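Asker: Here you go, one structure.
What follows is calculated from the coordinates using simple rules that are stated; it is not laboratory data. None of these values were measured; they are calculated from a predicted model. FYI the Cβ positions are ideal-geometry reconstructions off the backbone, even for glycines, and counts take in every protein chain you see.
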Amino acid sequence: MFRIASDNQGPEIDEISDYQNVRWVSPVEVAWRLFAFPLYGIYPLVLQLQVNFPNFQTIQFEDDADLNDIMQIERFKRTMLTELSSTNFMDKEAKKLNLL
């Protein structure tokens, strides 16, 4: 899909809307979805976890956000590694999965 426009005319181009309007699902993808085959996978089945010092984890926030409010949000204090450790500590059945 393409669009031709001169410099002095035309509305702004909305690339996201254009992408969504022209998305095409092939017959092969339809068959895979109907039969519930996996469309992606992670190999090997290992996930790299970010290791941080306490209270130095990476977070994302809007430019105009108040930093004092952000520091009070509980979910920013947790990471995948800390949650994995706390799950293994609290749930004795989780240890059977050999997550750590």
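Asker: For the pair Thr58 and Trp24, how long in nm is the line joining their label points, each one 7 Å along Cα→Cβ?
Answerer: If labels sit at Thr58 and Trp24, their model points lie 3.6 nm apart.
Asker: Then there's this: 222 nm [θ] for the chain, helices only, -39500 (n - 2.57) per DSSP H run of 4+, per residue, to 500?
Answerer: Result for the chain: -9000 deg cm²/dmol, rounded to the nearest 500.
Asker: State the extension gain, in nm to one decimal, for the chain segment bounded by Ser17 and Glu93, taking 0.36 nm per residue of separation less the distance between their alpha-carbons.
Answerer: Contour length minus Cα-Cα distance gives 22.8 nm.
Asker: Between Asp69 and Tyr43, 0.36 nm times their residue separation minus their Cα-Cα distance comes to what?
Answerer: 5.5 nm
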